[in-house]
Each structure stands twice: as C-alpha cells, then as structure tokens.
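Below is one structure, written out as structure tokens; the observations come after it.
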Protein chains: 2
Amino acid sequence: MPQFGLEEYARRLARTKEDMMQRRIEVLLITSPENMNYLTGYDAWSFYTHQMVIVALDHQPVWVGRGIDVPCATSTTYLPSGDVIGYSDHYVQSTERHPMEFVAQELVRRGLGNHAVGVEMDNYYFTARCFERLQASLPKCTFKDGSNLVNWVRIVKSEAEVELIRQASVIADRAMTVGIDAITPSIRQCDLAARIMQAQITGTESFGGAVPGGLVMGIGPRADAPHLSWTDDPVGSDVVVNIELGGCRARYHAGLARSVYLGTPPDQLRQLAAVVREGMEAVFSAIAPGRICSEIEDVWRRVISRHGLNKPSRIGYSIGLGYPPDWGEHTASLRPGDATELRPNMIFHVILGMWQGELSFVLSETIRVMEKGCESFSRMPRELFVVS
Amino acid sequence: MPQFGLEEYARRLARTKEDMMQRRIEVLLITSPENMNYLTGYDAWSFYTHQMVIVALDHQPVWVGRGIDVPCATSTTYLPSGDVIGYSDHYVQSTERHPMEFVAQELVRRGLGNHAVGVEMDNYYFTARCFERLQASLPKCTFKDGSNLVNWVRIVKSEAEVELIRQASVIADRAMTVGIDAITPSIRQCDLAARIMQAQITGTESFGGAVPGGLVMGIGPRADAPHLSWTDDPVGSDVVVNIELGGCRARYHAGLARSVYLGTPPDQLRQLAAVVREGMEAVFSAIAPGRICSEIEDVWRRVISRHGLNKPSRIGYSIGLGYPPDWGEHTASLRPGDATELRPNMIFHVILGMWQGELSFVLSETIRVMEKGCESFSRMPRELFVVS
C-alpha cells in the first residue's frame with residue numbers, strides 16, 4: 001500500500017507531466033529514489049542496484065528494477081503488475097551487461113524507442129555509465145536534461161506531506177532531547193549516537209520513525225567539522241558537542257541541530273550563540289510568501305556582520321522526502337543569488353552552522369512557509385545547552 | 001587521524017598505481033566514498049555533495065570537496081593541507097556551475113590538464129552530469145574507464161581490515177540477538193528496528209559501531225520482499241520475520257541475516273530452513289583458495305535443486321568498506337559466470353535468501369577465505385528461530 005491516496009499521486013503525476021511538456025520531454029526516466037517514491041509510493045532500500053520509474057506522457061508510471069525487488073514494488077506502490085518489470089539477476093553489478101540495456105529494451109517494447117527522453121543528469125543514481133549505456137542502446141531517442149524536474153514539483157507540499165514533516169519534527173525534538181539528556185563527560189560518543197538513533201527510529205507512541213538521511217556530530221577538537229560521525233572516545237569535558245539530526249517519518253525529514261557545552265561555556269561561545277539565535281529569529285521574521293531566497297539570507301548576513309561574523313555557506317535548503325545520503329531536495333537554497341520566490345507550504349531546513357574552530361556552534365530548525373510568515377516545527381529552546 | 005597506519009595506505013596506493021599503469025591511466029578520479037576512504041582515510045557523511053580524491057601517478061592523493069568539509073578531511077586523513085582543496089559553497093547544487101568545473105581547474109593548475117584520466121563510470125557519486133562537465137572542461141584529457149579499479153584492489157583484505165570485519169561481525173551477532181530477543185507479537189516493527197540499530201551503533205564495551213549500509217526487514221505478508229524497512233504495525237502472530245542487518249565498524253561491514261517465526265512454524269518452512277542450512281554448510285565446505293566463484297554457487301544450486309528448489313539471484317558478494325546505500329564491493333559475486341578465483345583474505349557475505357511468498361527464509365553470514373577452507377565470523381545458530 002502506498003503512503004498516500006491515489007488522488008495525491010494523480011496530482012503529482014499531472015504536475016510532473018505539465019513540466020515535461022514544457023520542457024518537451026515525452027518520456028522521463030526517474031532514478032532518484034525520492035522521486036520514484038513521490039510518484040509511485042515505491043519505498044525500499046534497493047537503490048544500490050539500478051532501478052527507475054518510467055513516466056511517459058500517455059501512460060501510468062512503470063517501475064523497472066531488479067527481479068527480486070518486484071515484491072517490494074508490489075507491496076509499496078499502486079502500480080498494476082504489468083507495470084512492474086524486473087530484470088534478471090545477471091544484470092546486477094555485471095561487467096558484461098548493464099541494467100540500462102534492459103531498460104532500453106523495455107522502452108522499445110513499449111513503443112518509446114524514438115522519443116524525447118528526459119534523464120536526471122545529476123542524480124546520484126544516474127551514473128555516467130547509465131547515460132552512456134542508454135545513449136548507445138537507444139540511438140533513435142533524443143536525450144534531454146530532466147534534472148530536478150520532479151524535485152521542483154516537490155517543493156510545495158500538500159497538507160498530508162506537511163503533517164508527515166510535522167511528525168518528523170516531533171521525532172527530531174525527542175531524539176535531540178534524548179541525546180542532550182544522555183550527554184555526560186564519560187559517555188562514549190558511539191553510545192550517545194546509539195541512543196539518538198534509537199529515539200529517531202522508535203518515534204512516538206502514535207507514529208514510528210525511520211533511519212534518516214544522516215546523523216552527524218562534531219565533538220571537541222572536531223567541532224568545526226560539519227559532517228563527521230562519532231568515535232569510541234568519551235565525550236570529555238570543556239568541549240562543544242554539535243549534533244545535527246533528522247526526524248524521519250515515512251521518508252519525510254525534519255532537520256534539527258543544537259550545540260551542547262560540557263562545562264562552563266567560554267564567553268565567546270555564549271556570545272556566538274546569542275548572535276546566531278538573533279539571526280535565526282530575524283530570518284524567521286523575514287520568511288513569508290513572495291520573499292526571495294537570497295533576501296532571506298541577506299537578513300541573516302546583516303545580523304551577523306554587525307557582530308563581525310561571516311558564514312561562507314548557505315543557511316538553508318528545501319527539505320522533505322529523502323533517502324541517504326541526503327534529505328535536502330536540491331532545489332531552492334537560502335543563499336546569495338538564489339531567486340526562488342517563497343510560496344506557502346514550502347518547507348526549509350534553516351541551518352545556521354558557525355563552524356569556526358573548537359568553539360563552533362550550530363542551530364537549525366525546519367520551518368514551513370505559511371500564508372503569512374512562517375512557522376517552525378521545533379519546540380526546542382534556541383539556546384546553547386550546558387551540561388555542568 | 002586516519003584509521004590505519006601510513007604504511008597500510010602506502011601499500012594500497014602502490015597497488016592502485018600498479019593497476020592504473022596497467023590500464024594506462026595517469027590520473028584516477030575517485031568519487032566512491034569507500035575508495036576515497038580506502039586511499040586517504042577520509043570518513044565523513046559529506047558525499048551528498050560532489051567530492052573526490054585525485055590520484056596522479058607521481059603524487060600523493062589530493063582531496064577536493066566542499067569548503068566546509070575541509071576540516072572533515074583534515075581530521076580524518078593523513079593528507080597535508082596543500083592537498084586538501086575546498087570549493088566555494090556556490091558550487092553546491094547550483095544550476096549555474098558544477099563542482100567538476102572546479103575539479104577541472106585544479107587538475108589544470110597541477111599540470112594534469114592533458115593526461116589520461118580514469119573515472120569511476122558506474123559509481124553512484126559519479127553522475128552523468130559529472131562526466132559531461134569534466135569532458136567539457138578538460139578538452140585535452142582523454143578519459144578512460146576506471147570503474148571498480150580500487151574496488152578490485154580492496155578485494156583482498158589486510159590483517160588489520162580482517163580484524164575490523166571480525167569486530168563488525170561481533171556487533172552483527174549482538175544486534176541480531178537483541179532483535180530476536182525483543183520480538184513478540186505485540187512489539188511494533190519500528191521499535192524492533194530501533195533496538196537493533198541501537199545495538200549496531202553501541203557495539204561492545206571494547207569497540208563501538210556505526211550506521212551500516214542498510215537494515216531491512218520483511219515481515220508477514222511482506223516476507224518475500226528483500227529490501228523493505230518497517231512499519232508502525234505490531235509484528236503479529238503466525239508470521240515470518242526476516243532480518244538482514246550489518247555490523248559496521250569503522251565503515252567495515254559484516255552482513256548477517258536470520259529468520260524468526262512467531263508461532264508454530266509450518267512444516268514447509270522448517271523443511272526450507274533445513275535445506276538452506278544444508279546448502280550453507282556445503283558452500284562453506286567448498287570455499288577455498290583456488291576455487292572459482294561460479295563453482296561455489298554451483299555447489300549450492302545442486303543442494304537445493306535436489307530438494308526441488310531454485311534461487312534466481314546471486315548467493316553472495318565481496319563485502320567490506322561501505323557507505324550507504326551499500327556494503328557490497330561491486331566486484332566478485334557468487335553466481336553463474338563469475339570467474340573470480342578465491343584467494344586468502346577475501347571476505348564474502350554469503351546470503352541465502354529464499355524469497356517465496358509468506359514462507360520466505362533468509363540465512364546469511366560473512367566469511368573469510370583462509371589458507372585452507374574458510375571461516376565464518378558469526379557464532380549465531382544456523383536455524384529458524386521460533387518465538388512461541
């Protein structure tokens with residue numbers, strides 16, 4: 001059973017086909033697991049082998065993947081069995097044949113072998129080899145860039161999606177609370193991570209969670225490294241612990257980051273935390289329909305530059321449906337030059353990471369653009385947590 | 001600090017360069033996070049943005065990635081700071097510029113702009129766009145297929161690597177035991193998954209774990225789907241629970257799968273379990289240096305066909321260093337047609353998944369090819385577990 005009702009999938013598909021027509025794409029080959037899920041419900045940890053959803057303008061989507069994963073498609077999508085096509089196992093990680101050759105045959109079999117084919121050029125799961133094999137196997141097709149086409153359809157969420165992200169955020173708050181409550185100088189970093197992840201997957205009594213796109217920690221001398229995991233060492237004393245985690249509900253994510261100090265925080269860190277909080281609240285006050293992403297970043301930039309600070313990286317991005325290694329949607333970012341106009345029910349992970357030596361500080365929440373202004377889904381205090 | 005001593009990285013690099021010379025590759029661009037880790041120690045959850053390690057025949061490796069991840073590289077590799085190169089954040093998921101354009105500039109700057117360049121054509125993180133941008137930006141380079149070059153270097157493990165996989169297997173056994181002990185008809189699937197994952201990350205008192213390449217469960221009506229996650233529903237009664245998990249230690253994996261039945265198992269399932277166990281033990285007796293991968297699969301095939309059974313998918317693959325979405329090494333598989341000769345210190349995940357309706361059964365362990373025969377790292381009983 002797919003996650004949503006059939007009408008929701010029909011709406012998504014209609015919007016996708018509109019964009020295909022605008023780009024003059026007749027057949028869209030979707031390799032992003034998020035986009036496959038978005039259009040069909042397909043939800044399995046099978047994306048380590050090549051698979052895709054074929055969207056032709058005049059047909060329902062077709063799933064093509066490894067033969068043993070056909071039951072995964074049958075269990076999680078609304079597709080009729082004739083549109084769930086498995087390839088033999090000898091295509092898997094073979095040096096002699098490639099799954100895209102099978103896909104090409106399937107396209108020809110369906111009369112799609114001479115069409116304008118869109119491909120997700122920069123998707124993780126559309127490798128250089130995939131493109132090479134498709135081009136060689138479909139000489140009568142013309143190939144077009146369908147990068148992020150479905151991602152842009154995803155950027156405005158339905159009410160049902162918003163509700164899942166709200167639930168993901170409840171999970172994120174719980175997991176962060178579990179983590180902060182567990183921190184002591186003597187707890188091993190891996191034990192801290194284990195408790196956080198358990199909370200992420202257990203979720204609440206009303207709804208469970210899943211393995212999010214990532215879980216990262218920067219502790220002590222590694223506090224300025226944004227994307228590390230953990231070691232076996234104890235957390236230690238007089239150190240910063242930066243935690244960035246995601247609540248994940250039915251593959252919808254809410255990101256959340258907080259910093260903890262073990263000991264008496266240096267004044268410099270307290271001041272940094274106050275500036276970042278001021279910046280976050282200025283950003284949240286600025287977010288509203290009609291505003292432009294780059295303008296929002298500028299609000300932040302002006303706050304921190306008043307305090308002599310500088311942040312070279314973006315301060316947020318559209319978030320939602322995701323599989324490892326990411327939960328970002330690869331569309332709008334809050335940064336200079338991004339001209340995306342905010343609309344109601346866009347969801348952003350606003351992440352204010354000040355990675356600057358051992359006194360680094362991170363603060364992030366996931367917000368929804370409302371009819372007026374925005375709401376943050378998190379209920380966590382916006383402070384530097386202190387464990388003394 | 002990288003995981004291993006410098007001599008180990010030097011040996012790996014020397015073997016890689018030998019293979020590069022054989023393939024007449026002067027510069028190898030490594031985008032696989034596993035291979036980046038293997039040659040430099042780099043270990044961060046940053047592979048959702050484009051990054052790579054450049055290996056030129058006459059130079060130490062060079063890391064190129066997102067600017068904010070430079071501290072991740074400094075923390076986890078042995079590379080001098082001049083060989084850790086960060087790009088500006090405006091390259092990240094931009095529609096105007098691509099990180100491979102930056103990489104191309106860096107190659108030119110280092111005098112490598114007219115060389116024979118190997119690329120990992122079918123790696124998840126080498127997208128069609130990456131290749132297109134590199135080709136457009138480096139018109140004087142010739143491009144060669146460097147797919148899986150480093151993966152094949154990885155296939156025979158050092159003693160230090162074997163030890164990490166042995167530890168990963170201890171973690172896997174513990175996590176499976178925690179899971180089986182937790183199963184009752186009323187436990188929610190998500191709570192079961194949460195306990196397993198906590199055990200995977202906590203590890204043992206002597207060494208901690210990490211988030212493995214995957215965790216999958218097939219329960220009840222979904223028992224025949226090999227790669228699903230979990231739902232919020234209780235496990236239920238008179239159902240099969242198939243669990244495939246990985247112990248993960250410093251990104252080295254040991255895979256492990258077991259099946260549990262809640263209630264009195266039907267005879268058909270007991271018989272299936274006995275056949276699969278017989279097949280596993282025949283396979284383990286057959287594995288030895290000098291044997292060919294396809295021969296090993298044939299041993300299995302003969303056992304199960306005697307019982308009227310058939311398995312259309314491979315029964316194992318080389319396993320080791322991995323990041324999501326996979327822990328397999330994409331080299332040797334135990335299947336028809338694979339001519340790889342077994343050598344001591346190759347490590348395989350032997351996975352005997354019989355996905356056939358609600359009475360499916362899985363049994364897997366991770367083994368090491370020894371000077372004579374093989375050893376399995378798991379100490380779990382090879383049986384259908386029963387919760388009554």
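General remarks:
- The single condition among (1) touching an Asp or Glu at 6+ places or on another chain (Cβ under 6 Å); (2) over 20 Å from A:H227 (Cα atoms) that A:A257 does not meet is (2).
- B:S169 being within 25 Å of A:Y48 (Cβ to Cβ), out of contact with any Cys (no Cβ under 8 Å at 6 or more places or on another chain) and not assigned by TED's automatic domain parsing to the domain that holds B:D238: no
- Residue in the range A:68-77 that is at pLDDT 95 or above and either in a strand (DSSP E or B) or among the basic types (K, R) (or both) present: no
- Residue list for the range A:316-325, restricted to those being at pLDDT 95 or above, within 12 Å of chain B (Cβ to nearest Cβ) and not in a strand (DSSP E or B): A:G322, A:Y323
- Test: residue in the range B:75-93 that is in contact with a His (Cβ under 9 Å, 6 or more places away or on another chain), of a type in the set (A, V, I, L, M), crowded, with 19+ Cβ neighbours inside 10 Å and more than 24 Å from A:T31 (Cα to Cα): no
- Enumeration of residues in the range B:328-349 that are surrounded by fewer than 22 Cβ atoms within 10 Å (Cβ to Cβ), polar (S, T, N, Q) and outside any loop (DSSP other than H, G, I, E, B): B:T331
- Scanning the range A:350-381 for residues that are part of a strand (DSSP E or B) and closer than 19 Å to A:A225 by Cβ yields A:I351, A:L352, A:G353, A:M354, A:F361, A:V362, A:L363, A:S364.
- For the range A:193-216, the candidate set comprises residues that are of a type in the set (V, I, T) and touching a helix residue (DSSP H, G or I) at 6+ places or on another chain (Cβ under 8 Å); within that set, the residue that is modelled with the lowest pLDDT is A:V211.
- Every test in (1) facing chain B (nearest Cβ under 7 Å); (2) touching a Phe, Trp or Tyr at 6+ places or on another chain (Cβ under 7 Å); (3) polar (S, T, N, Q); (4) over 17 Å from B:S46 (Cα atoms) is passed by A:Q189 save one, and that test is (1).
- Helices (runs of 4 or more DSSP H) completely within the range B:135-245 that count 3 or more residues being under 25 Å from B:M370 (Cα atoms) and not polar (S, T, N, Q): B:149-154, B:159-182
- Residue in the range B:151-167 that is within 12 Å of chain A (Cβ to nearest Cβ) and surrounded by fewer than 19 Cβ atoms within 10 Å (Cβ to Cβ) present: yes
- Restricting B:I196, B:I201 to residues that are hydrophobic (A, V, I, L, M, F, W, C) and more than 8 Å from every other protein chain (Cβ to nearest Cβ) narrows the list to B:I196.
- Among the residues here, B:Y317 does not qualify as in contact (Cβ under 8 Å) with a residue 40 or more places away in the chain, closer than 29 Å to B:R166 by Cβ, under 19 Å from the mean Cα position of the chain (by Cα) and crowded, with 16+ Cβ neighbours inside 10 Å.
For (1) away from chain B (no Cβ under 14 Å); (2) of a type in the set (D, E, K, R), each residue gets a yes or a no:
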site	(1), (2)
A:D224	no, yes
A:D233	no, yes
A:E281	yes, yes
A:F284	yes, no
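- Residues in the range B:54-88 that are aliphatic (A, V, I, L, M), under 24 Å from B:R129 (Cβ atoms) and touching a residue at least 24 places away in the same chain (Cβ under 8 Å): B:I54, B:V55, B:A56, B:V62, B:V64, B:A73.
- Any hit, the range A:119-131, residues being within 30 Å of B:A136 (Cα to Cα), more than 12 Å from chain B (Cβ to nearest Cβ) and in a strand (DSSP E or B): no
- The lone criterion from (1) free of Cβ contacts under 8 Å to residues at least 40 places away in the same chain; (2) touching a Ser or Thr at 6+ places or on another chain (Cβ under 8 Å); (3) crowded, with 21+ Cβ neighbours inside 10 Å left unmet by A:P312 is number (3).
- Residue count for the range B:42-60 satisfying the condition of being touching a Pro at 6+ places or on another chain (Cβ under 6 Å) and within 12 Å of chain A (Cβ to nearest Cβ): 3.
The values are calculated or read from the model by the stated rules, or taken from the named source; none is laboratory data. Nothing here was measured: the structure is a model prediction, and the numbers come from that model. All Cβ positions, glycine included, derive from the backbone under ideal geometry; neighbour counts span all protein chains shown.
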